[in-house]
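Visitor: The structure is given below, and queries will be raised subsequently.
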């Protein structure tokens, strides 16, 4: 086995069927034994057939799927594990069409599986600290690729696109989120919510970032308009590389991400560049993915509403 990754052949040997995948998921989600997702207790649990358990406290039956992104899914658990493997190892993502071919389900089901997996990538509210590189970009349709009737004819820039703000901890994790506006109030609020007081912020010289330095943060800038991209360690090159990967994935693999679902795609790329970083062993990345599936059930009705 490689020191940094495993092949699909090795993965299939580890999870040849749904039963093997169930035992892996139970061991990861319930390291001290089954826990009832209804009452949260694990002292009075009775094992039943086929991975079912009965909580004698609240009289509810449950499985490892209950209360997770797998709940009420007809896709076998070993196919879910393989889908997670593909998502963390594909640097720019995997399309629903490709996933459908890989695990033998319909494209519609594969799209739903991917959206559930992206749901598991979000909601990490840990604050960043240290040196934080911050920048924003805009994503949306490429004007020259649109049908004539859909072209905005408003030139380059943010018109018709959705803003995405990203913050990357130097040598650590990152967070990214769609934003309604790139004004000072929006950016300052997001930064204060996700960055520890006392951290050092590196940004460009956009006026929206003015006023961040002082009582709460140290603030250094680089002047891109003057051709300055790095000065004595002050740079935003790290966070801009995130946007490069994300845009290549959105344009080259997914082709289109609606504003409605964009936050899940952004969460996917943020996860892949932090907990799913290729510097970590594939099995560690897979473990981190599984850690995020509990408490995030996503129904099809809620997804398309």
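Computed from the coordinates by the stated procedures, all read-outs in this text should not be read as laboratory data. Remember, predicted model here, so these are calculated numbers, not experimental data. In this analysis, Cβ positions are derived from the backbone assuming ideal geometry, glycine residues included, and neighbour counts consider all displayed protein chains.
Visitor: In percent, what relative contact order does the range 131-272 have, based on Cα pairs under 8 Å that are 6 or more apart in sequence?
Guide: Across the range 131-272, relative contact order equals 25 percent.
Visitor: Using only the Cα atoms of the range 166-305, what are the Rg and Dmax in Å?
Guide: According to the Cα coordinates of the range 166-305, Rg and Dmax are 17.0, 51 Å.
Visitor: Further, regarding this structure: Treat the count of other C-beta atoms within 10 Å as a stand-in for reagent exposure and order 265, 209 from fewest to most.
Guide: Details: 265 24, 209 21.
With the fewest neighbours first, 265, 209 line up as 209, 265.
Visitor: Ordered by packing density, taken as the mean number of other Cβ atoms within 10 Å over each peptide's residues, highest first, how do 165-175, 22-32, 105-115 rank? Numbers along the way, then the final one.
Guide: Details: 165-175: 19.7, 22-32: 15.2, 105-115: 18.0.
Ranked by mean Cβ neighbours within 10 Å, highest first: 165-175, 105-115, 22-32.
Visitor: For every helix of n ≥ 4 consecutive DSSP H residues, a contribution of -39,500 (n - 2.57) applies; sum these over the chain, divide by its total residues, and give [θ] at 222 nm rounded to the nearest 500 deg cm²/dmol. Could the numbers behind the result be given before it?
Guide: Working: 10 runs with 105 residues, N = 305.
The helix contribution divided over the chain gives -10500 deg cm²/dmol.
Visitor: Over the range 1-124, what per residue volume does the convex hull of the Cα atoms give, in whole Å³? Write down the numbers at each step before the final one.
Guide: Details: hull volume 16.5 nm³, N = 124.
Per residue, the Cα convex hull of the range 1-124 comes to 133 Å³.
Visitor: Given the chain, what whole percent of its Cα pairs are spread farther than 35 Å?
Guide: On the way: 13362 of 46360 pairs.
Tail of P(r) above 35 Å: 29 percent of Cα pairs.
Visitor: Another question, then. Quickly work out the residue 52-to-residue 223 label distance, labels modelled 7 Å from Cα along the C-beta direction, and quote it in nm with one decimal.
Guide: If labels sit at residue 223 and residue 52, their model points lie 7.1 nm apart.
Visitor: Still on this structure: Let me have the relative contact order for the chain, percent, based on Cα pairs under 8 Å that are six or more residues apart.
Guide: It comes to 22 percent, rounded to a whole number.
Visitor: Turning to a different aspect of this structure: Using alpha carbons only, how many angstrom separate the centre of the range 187-234 from the centre of the range 1-77?
Guide: Cα centroid of the range 187-234 versus Cα centroid of the range 1-77: 44 Å apart.
Visitor: Expressed as a rounded percentage, what relative contact order does the range 222-305 have, with Cα pairs under 8 Å and six or more residues apart?
Guide: Over the range 222-305, the number comes to 12 percent.
Visitor: Fewest to most neighbouring Cβ within 10 Å: what's the order for 43, 133?
Guide: Ordered by Cβ neighbours within 10 Å, fewest first: 43, 133.
Visitor: Taking the 0 to 90 degree range and rounding to the nearest ten, how far is the long axis of helix 77-89 tilted relative to the main principal axis of the chain, both from C-alpha atoms?
Guide: So the helix axis and the longest Cα principal axis differ by about 20 degrees.
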